Structure formats: C-alpha cells, structure tokens
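These notes concern the structure reproduced below.
The values are calculated or read from the model by the stated rules, or taken from the named source; none is laboratory data. Please read all numbers here as calculations on a predicted model, not as lab measurements. Reconstructed Cβ throughout: ideal geometry from the backbone, glycine too, with neighbour counts over all protein chains shown. These area figures cover heavy atoms from the full protein model, side chains too; ligands, DNA and RNA do not enter into them. Shrake-Rupley method; radii C 1.70, N 1.55, O 1.52, S 1.80 Å.
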Amino acid sequence: MVNPAYRLMIGMIVLLSGVGFRTAQAQYSPAMGQPGAQGNPYATASYGGGHKGGMVYEPAPEYYASPDQYASEYYAPDYYGATSNSGTVMRVLPEDRGWGYDHPWDGFFKNLAENSWLRVEYMLVKSPPGNQLIGAPIPSGNDPRLPFTTADFDGLGTLSTKEADLSSIGTQGTNGLRGTFGIDFESGTLEAIFFGTQSDVSSLSYGQADLLGPEFGQTDLISINTLVDGQVGIAGRNFNQKFAVNYRSQAWGAESNYVVNTDRLFFKTIYGVGGFQMRPLLGFRYLKIAEDMKVTGDFEELNTTPEVPLFTSTIESSTNNKLYVPQAGIRMEFVHPWFTISAEPKFGFGVNHYKGSVLTDQFFGPTDPTHLTQISQTRFSPTFEFGVNARFHLNQWFTFNVGYNFLWANQIARPGTIVYYNTSTVSNVSLQAQDSLDSYKLHGLVLGGEIRWP
C-alpha cells in the first residue's frame, strides 16, 4: 500500500507543472511589448472646434495573446505506431476592435469624419440695379426724373412728361441658401462654399390714373428720351396710356478657400479658453449673375389727323456674367466657450466673361420692326466680400449662426446700362446694345446652423 504522503507530494508536483506550462504560453512576444498606460491620443484644438488630432493606435490589452505561431499541444500516434507531433500549426489572432482601429485607412477616414463640419444658412438678400434712368439726358441738363415740358400732338410745347428710373426695383429682397463644408487639419481648414438665390422679380408701373396732368402733381406722359446721333436732344417715344418695367435678377456661385492656422505666428487661441485669432485665407471663386429687364409702354391718340390707334412698344434687355476670380482675405475671430464673433474681408481680382442683348419692337411706332443687337466681351473684374457673424455654441456639435454679408463686383453688364438710348438718322436700328458696365451689389441677412460630427 502506497503511503498517503507520497500521493500528496506527487499531486502537488503535477499541479505546479501544469500551471507553469500555461503561464509560459501566455507570455507576450518581444514584438508585442508589454501593455502600457493609455494616455489621451488627441491634441487639443488650436481654435474653435478645430482639428482633433491624428489617429494613434492603442497598445494591445493584456488579454491579447501573442500572434506568433507555436506548435499545437495535440500529439497522436503516427502510422508506424510511434507517438509524434501531428504537424498542425496554430495562430492566435487578436480580437477585432472595430472600425477605425485595425487598418490605417480606417483611421484616416475616421479622422476625416471627426474633423469635418457642415454649415447651412438661409439668406435674405437684395441686389437692386440702383437709380438708373430709363432714357437719355435732356438738353436742359435738369434731372429728367422731374417733370419737364415736351411738345404736344400738334407740335406745341404744352405737355409735361418725365422719365422713369429703377430706384424702386429690387428693394424687397429674395430668398437664398448657402452651404459650407469644411475639414480641419493641423495646418488649417479647407472649405467648400456654394450659394444660390431665387429669381428676384420686381416691377414698377404707371397707369392712366397716374397720368392726370400737372394739377394733380403728376405728368401728362411718361417718356423714354433718346439722343440724336449721339448728341443730347429731344427724341424717343412718349406713352400716355400705360408704362411698366419688369426686372429679374438671380445669382449663384461656388468657391473654395484654405484658411491657414497661424496660432503659433499670431495669437494663440485654445478652444474653451477664448481669445483673438487672425487667420489668412486663399481661394478661388466662380460667380454667375443673370439679369433681364422688360419695358412696355402703350400709346394712343384719336384726336389727331391721322389718328394713332393703340400700340405697344417693347424693350427687352438681358445680361449674363460669368466671373472667375482668385481671392485672398483674412478671418478675424474672438472665440469664447459660449460664442464666437468673426469678421472676414475677402478681395479678388479676376475676369468676367459677359454677354448682353437688346431687343426692341415697335419702339417708334406700329411700323417699326423688331431689332436685336448683342455684345460679348471679357474684362478684368475686381470683387470684394465682407461678412460679420455671431455664432452661439449650443453644445459641442451644434452652433447657431446669425450674420450679415456684403458682396460687391465691378465691371458687370447690367440690363439698365447696356441699352444705348439713341436715335440714328443714318440707321434704321432704334436702340442698340452697348458695351457699358456697372457695379453689382448683393447683400443681406444670413441665418443658420453648423453641425460638427461628435
């Protein structure tokens, strides 16, 4: 009979041998390294909601086994009856940690998403043509918007008339939308911007009730006065029944800017602490401006010999401008944990390829046929844009924005300025399109929100 003490000693030796064997298998390989303390892998943003830092892979947790291969524990007798290794090789793979960890491309796209943001804004803007005359100057040099004397139907200067202007056009404003998509990098921010407006349609008109004579504070007629062979004179067309102007304007554009992060060069600003930041930007803008104007007037005189039955004179003018403009500017921001106030001027100098056309029908009378003249040119065009905004940080991923934006462009073809109001004694063309340019202004309120991916 075996002594119980020997049994106890043999059992302890077997138990300790098994524990040692299992512990040896769980050791980390030299390539894996020992698990270390995990710190914060992301850098602090240098400005409001800015770059969150690059992707840093975490060290393997303690429970990960070494990926190095080792022989299987399984042993079986071979065909010759001897016990030997089966030849099976086993590999322990790490546990799948999810998207953004196991491949560098996953980390790259994850960083793009985390450092991207989208801003959508409603725009209430106006682009009035200004106080442009519908007609040419008069010989007296006085303002033709005020009543002046003109010849009556018998050739006597007994009637009063005046010219209309476009000062009341485009004063109500129209709706628009602007979207901005941005990606924050350590060196700066890349932004893509698109905006567009609805067609701003407005009009002015005079009816018979407005043509009541000087005793009612109005005039007998509305006139479109013209030059005579390029010289100031009294010519053109009078209207005594009705006069109307319909004006349509629309603009849209796209631009891309890179805003340089210069916190180390100018003013250091940490989001959540607050401070003043100045950041230069460079970019390129495409801007399209399309406008058209239609002028109609009715005339009738049945008390003369011969009688003049009712007829309608028409002037249709349209322009199309396409601007390609490199630009530069500076973004000035005061950042606070609760809000950000910014001002951003941008200057550009590019080219404008524009087209225009003027069509007239029965301008001088019922027998005057339709005439169409066109222009097409390319000119240098400067631009300037200035925006002020107040952004309120409601939480870490949503910001409410309200502001004002002003856009100015010069050397722009506009329907009211390309019409050459002239009567030619050597040509049968009444009014023509001329290469005459003006400035363009688009300004108004912006209101929207900004979303940052958490």
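Residues that are farther than 14 Å from Lys355 by Cα and in contact with a strand residue (DSSP E or B) (Cβ under 6 Å, 6 or more places away or on another chain) were ranked within segment 369-379; the one that is least open to solvent (accessible area, probe 1.4 Å) is His371.
For (1) charged (D, E, K, R); (2) farther than 24 Å from Gly297 by Cβ; (3) in contact with a Ser or Thr (Cβ under 7 Å, 6 or more places away or on another chain), each residue gets a yes or a no:
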residue: Asp361; (1), (2), (3): yes, no, yes
residue: Trp397; (1), (2), (3): no, yes, no
residue: Phe400; (1), (2), (3): no, yes, no
residue: Gln411; (1), (2), (3): no, yes, yes
residue: Asn422; (1), (2), (3): no, no, yes
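Filtering Gly348, Gly356, Gly403, Gly387 for residues that are in contact with a Lys or Arg (Cβ under 7 Å, 6 or more places away or on another chain), open to solvent by less than 30 Å² (accessible area, probe 1.4 Å) and assigned to a strand (DSSP E or B) leaves a single hit, Gly348.
Selection of segment 249-274 for residues being at pLDDT below 75 and either small (Gly, Ala, Ser) or closer than 30 Å to Leu166 by Cα (or both) yields Gly272, Gly274. The strands (runs of 3 or more DSSP E) falling completely within segment 148-193 that include 3 or more residues that are in contact (Cβ under 8 Å) with a residue 24 or more places away in the chain and crowded, with 16+ Cβ neighbours inside 10 Å map to 159-162, 174-184.
Count, please, the residues in segment 279-307 that happen to be free of Cβ contacts under 8 Å to residues at least 24 places away in the same chain and in contact with a strand residue (DSSP E or B) (Cβ under 8 Å, 6 or more places away or on another chain).
Residues in segment 279-307 being free of Cβ contacts under 8 Å to residues at least 24 places away in the same chain and in contact with a strand residue (DSSP E or B) (Cβ under 8 Å, 6 or more places away or on another chain): 2 in total.
Note on segment 411-436: residues that are surrounded by 17 or more Cβ atoms within 10 Å (Cβ to Cβ) and either in a strand (DSSP E or B) or of a type in the set (D, E, K, R) (or both) total 9.
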